[in-house]
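Below is one structure; the comments refer to it alone.
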Amino acid sequence: MSLEHPFAQYVRILGKGKKGSRSLTQEEAHDAMQMIIRGEVEPEQLGAFMMLLRVKEEAPEELAGFVSAVRSEMHPPQDLRVDIDWSTYAGKKRQLPWFLLSALALADAGYRVFMHGARGHTHGRMYTQEMLAMFGLEACQDWQQSAAALDRDNFAFMSIEQLSPKMSKIINLRNIMGLRSPVHTLCRLLNPLHAEHTVDGVFHPAYGPMHQKTAMLLGVKRGLTIKGDGGEAEIKPDSDCDLQWTFDGEYQATQWPRYYPRRLVKQDLNLEELLGLWRGEVEHEYGEGAVISTLATVLQLLSDKAPEQSDAADYIAKAEQIWANRNKQKFNG
């Protein structure tokens, strides 16, 4: 008589019918994800587990347990400090990734920005990692390269392929399963360097509160989730935007006012305009508004004040100043 597989208990917890199933506790989620990372799970179990979570919708306690398990397999230098953890996993489709300019402007102003993300899991999208070469930057292959990039540029990017190869493989199962898995969410919340300030984006508004409630369980001091363009952390400058915050252990939701009072006409995508806007060689009304608006929300995150919608104008003014003072020649090499 064969013994039950150790991972079967976690599939059963999630799939035991409408009355018998429940969410995993944080400890159960941690243990289950450790088994997945170590390769102790059969492919059939992994598919069932991920899809049961997807249908049920993951709970903050589950996500926190998953994140802690993935983090336990990472070994970043304990003295590697960053001001902002910025995740980018969705990819852009209808607009260029203007938020990258916001992050680079923050780095140019002296903030240390660590960005991480994935690429290629959804056809037809532009991923941040693919944009780096345009600026003479590259994805870091290890923590040593990340530390050097942060010291040199105040900016470093690492792919989930380097941070957690196992999570990268599961993300890329989307085209096989037909649905995104909870791994897409937990990777956004990894914050591997334990930055005090975290920024991530969502496409569906319902996910925002879940992200920040998970962040609180993980001890994030100040976190921001933007209901942004294409699911990235990027403000649409011609629309009001929903923001979800964690501020010193308290959850809060606010709305960010639109930068332009009118809807802008969509322009054709031209990748060269991303670098051209930084250099001041092209004018792009939507792009500049997106850069400044996104930059302003992150400046509010970095402040010592609890987020207030009435303060938006002050942070927009600061963002406009940082953008105007950026080193336009920085990426001319």
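Data for the structure
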read-out	value
Given charges at beta-carbon only (K, R positive; D, E negative), |dipole| of the chain in Debye	840
Theoretical gain in end-to-end length, Arg152 to Arg38 [0.36 nm per residue, Cα-Cα removed]	37.5 nm
Highest-MSF residue in the chain out of Asn270, Asn154, Asn175 [GNM, Cα springs under 10 Å]	Asn270
MRE, 222 nm, helices only [DSSP H, n ≥ 4, -39500 (n - 2.57), over the chain, to nearest 500]	-12500 deg cm²/dmol
Antiparallel DSSP beta bridges within region 12-158, percent to nearest 5	10
Stokes-Einstein D for region 171-232, Kirkwood Rh over Cα pairs, 4 °C, 1.567 mPa s (µm²/s)	105
Under 5 Å, built H, 5+ apart or other chain: amide partners of Leu269	none
Beta bridges by DSSP in region 110-252, antiparallel share as percent, to the nearest 5	40
Table column - 3J(HN,Hα) (Hz), region 141-149, Karplus curve with 6.51, -1.76, 1.60, x for Gly and Pro	8, 7, 5, 5, 5, 4, 4, 5, 5
Share antiparallel - DSSP beta bridges, the chain, percent rounded to 5	40
Cα lying deepest toward the dipole's positive end in region 120-221, options His204, Ala133, Met158, charges on Cβ	His204
Residue-wise HN-Hα coupling along region 100-109, computed from phi with Karplus coefficients 6.51, -1.76, 1.60 (Hz; x: Gly, Pro)	4, 5, 4, 5, 5, 5, 4, 4, 5, 8
Probe 1.4 Å - accessible area at Trp245, Å² to nearest ten	10
Which of Ile226, Ala306, Ala253, positive extreme of dipole for region 220-333 (C-beta unit charges)	Ala306
Cα pair distances of region 201-333 binned at 10 Å [whole percent]	12, 40, 32, 15, 1
Selected from Gly15, Gly65, Ala149, residue furthest toward positive end of dipole (the chain; charges at beta carbon)	Gly15
Arg119 - accessible surface, heavy atoms, 1.4 Å probe, Å² rounded to 10	100
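The values are calculated or read from the model by the stated rules, or taken from the named source; none is laboratory data. In this text, all values refer to a predicted model and were calculated from it rather than measured experimentally. Methodologically, a virtual Cβ is constructed for each residue, glycine included, from the backbone with ideal geometry; neighbour enumeration extends over all protein chains shown. The protein model used for the area step is the full one, side chains on, heavy atoms only, and it has no ligands, DNA or RNA in it. Shrake-Rupley method; radii C 1.70, N 1.55, O 1.52, S 1.80 Å.
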